[in-house]
Amino acid sequence: MLLSMTTEPEQQIGVGTQDAFQRLWTPHRMAYIQGENKPTGPGSEDGCPFCVIPSKSDEDGLVIARGQGVYAVLNLYPYNGGHLMVVPYRHVADYTDLDEAETVELAAFTKRAMVALRAASGAHGFNIGMNQGAVAGAGIAAHLHQHVVPRWGGDTNFMPVVGHTKVLPQLLADTRKMLADAWPATL
């Protein structure tokens with residue numbers, strides 16, 4: 001047991017009722033909670049970050065790889081280190097709106113993401129999926145994106161289970177470079 005958990009709670013001015021819990025402050029998450037950079041409407045001209053990212057440099061946009069119809073980008077609010085998304089350049093909301101070439105390239109980029117994540121970080125498994133529509137949990141429902149979340153044996157520890165907090169051991173810029181360097185040209 002942690003030594004600090006066996007002593008009386010310290011005075012915690014301004015954080016609510018005193019208790020035995022330690023606090024891990026993550027103020028950067030407030031941007032996500034408050035909807036910063038969230039589109040104001042359904043159109044590509046309504047502030048869609050997935051439409052803006054391709055105009056940025058790879059480093060500034062956290063872009064890992066670019067294809068003809070899709071690109072791979074790190075998630076700004078990752079569930080795990082290396083959590084990335086495969087996104088069509090075209091502003092479409094539904095998987096059925098993709099044309100054949102976009103569908104094929106989205107699948108190929110998903111496979112390449114898995115290869116890169118295994119090579120760069122030794123991922124043991126993956127959660128892969130899309131949330132179609134706001135009611136299904138899509139944070140940005142107006143622009144389709146597929147999540148690729150690497151997983152490792154034992155990666156669910158007390159922090160997410162008890163503290164509802166993920167600890168990410170690497171800066172996003174460093175993760176982007178690591179994955180871009182491991183991205184396979186072809187399969």
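The values are calculated or read from the model by the stated rules, or taken from the named source; none is laboratory data. Since the structure is predicted, the reported quantities are computational estimates derived from the model, not experimental observations. Cβ: placed from backbone, ideal geometry, glycine included. Neighbour counts: every protein chain shown.
Out of curiosity, is Gln68 assigned to a loop (DSSP other than H, G, I, E, B), modelled with pLDDT of 65 or more and closer than 30 Å to Ala173 by Cβ? Full working, then the answer.
Working: assigned to a loop (DSSP other than H, G, I, E, B): yes; modelled with pLDDT of 65 or more: yes; closer than 30 Å to Ala173 by Cβ: yes.
Considered against the rule, which asks whether it is assigned to a loop (DSSP other than H, G, I, E, B), modelled with pLDDT of 65 or more and closer than 30 Å to Ala173 by Cβ, Gln68 comes out as yes.
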A careful count of residues in the stretch 145-166 that are out of contact with any Leu (no Cβ under 6 Å at 6 or more places or on another chain) and either of a type in the set (D, E, K, R) or at pLDDT below 60 (or both) gives 11
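Residues are listed down the side, and each one gets a yes or a no for (1) under 10 Å from Pro150 (Cβ atoms); (2) within 15 Å of the chain's Cα centre (by Cα); (3) of a type in the set (A, V, I, L, M):
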position	(1), (2), (3)
Gly69	no, no, no
Val73	no, yes, yes
Met85	no, yes, yes
Tyr89	no, no, no
Thr103	no, no, no
Met114	yes, yes, yes
Ala119	no, no, yes
Phe126	yes, yes, no
Asn131	no, yes, no
